[in-house]
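What follows is a set of notes on a single structure, which appears directly below.
Values quoted throughout were computed directly from the atomic coordinates according to the rules given, and no laboratory measurement underlies them. All values derive from a computational prediction rather than experimental measurement. Here the Cβ positions follow ideal geometry from the backbone for every residue, glycine too, while neighbour counts run over all protein chains shown.
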Amino acid sequence: MSLLVDTSVWSLAFRRDGQPGLPEVGALRAALLGAEQVFTTGLVLREVLQGFAGPKNRDQLVDRLSGLAFLQPDKQDHIAAAEIRNACRRRGVQIGTIDALLIQLSQRYDLTLLITDKDFHAAAQHVDVHLWTMG
């Protein structure tokens with residue numbers, strides 16, 4: 001299984017206390033140690049960097065994330081993400097623009113989304129997306 005990791009998980013993993021008891025953080029750590037391939041995209045990278053202050057922290061984060069496989073969404077991904085968001089909205093589920101794009105990228109590349117954001121669970125009831133689960 002290959003993982004596309006949402007900002008919510010990265011943020012918890014990079015906290016000083018590291019949130020070691022959270023299964024998603026444990027899954028990320030295991031994946032980074034070679035259990036799975038980990039993917040990211042520019043939007044997630046930007047969100048992670050926006051959450052930390054100072055150039056030293058920024059440089060460390062960029063260095064840590066530079067070894068990950070990097071997905072570059074194209075025009076068709078953005079069009080499909082809009083359709084995902086619209087499909088959810090028609091069913092009364094509001095998801096963010098970035099979340100819809102992550103769902104699209106996970107579909108396109110057959111990746112499992114590693115998330116803690118509950119919006120993805122609501123979206124998964126209406127669109128095809130594989131969310132990481134324990135077990």
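Side notes on the structure shown:
- Of all DSSP beta bridges confined to the chain, the antiparallel ones make up roughly 0%.
- (i) 8.2; (ii) 10.0; (iii) 7.6, with the label sought being that of the calculated mean projected area of the Cα convex hull in nm²: (i)
- Given R0 = 35 Å, the distance between the Cβ atoms of Arg91 and Gln37 translates into a calculated FRET efficiency of 0.65.
- Longest stretch of the chain clear of exposed loop sites (trypsin sites (Lys or Arg not before Pro), DSSP loop, at most 12 other Cβ atoms within 10 Å, sites excluded): 17-90.
- Within-15-Å neighbourhood charge of Ala122 [Cβ basis; K, R +1; D, E -1]: 0
- Across the chain, Cα pairs under 8 Å and at least six residues apart give a relative contact order of 30 percent.
- Top of Pro23, Pro55, Pro73 by mean-square fluctuation, Gaussian network on the chain, Cα under 10 Å: Pro55
- Amide H contacts of His126: none lie under 5 Å away among residues 5 or more positions distant or on a separate chain (H built 1.01 Å from N in the peptide plane; Pro and chain starts excluded).
- Build a GNM of the chain with springs between Cα atoms under 10 Å apart, and of Leu45, Leu32, Leu114 the one that fluctuates most is Leu32.
- For Gln37, the residues 5 or more places off, or on other chains, whose built amide H falls under 5 Å of its own are Leu3.
- Top of Ala123, Ala27, Ala69 by mean-square fluctuation, Gaussian network on the chain, Cα under 10 Å: Ala69
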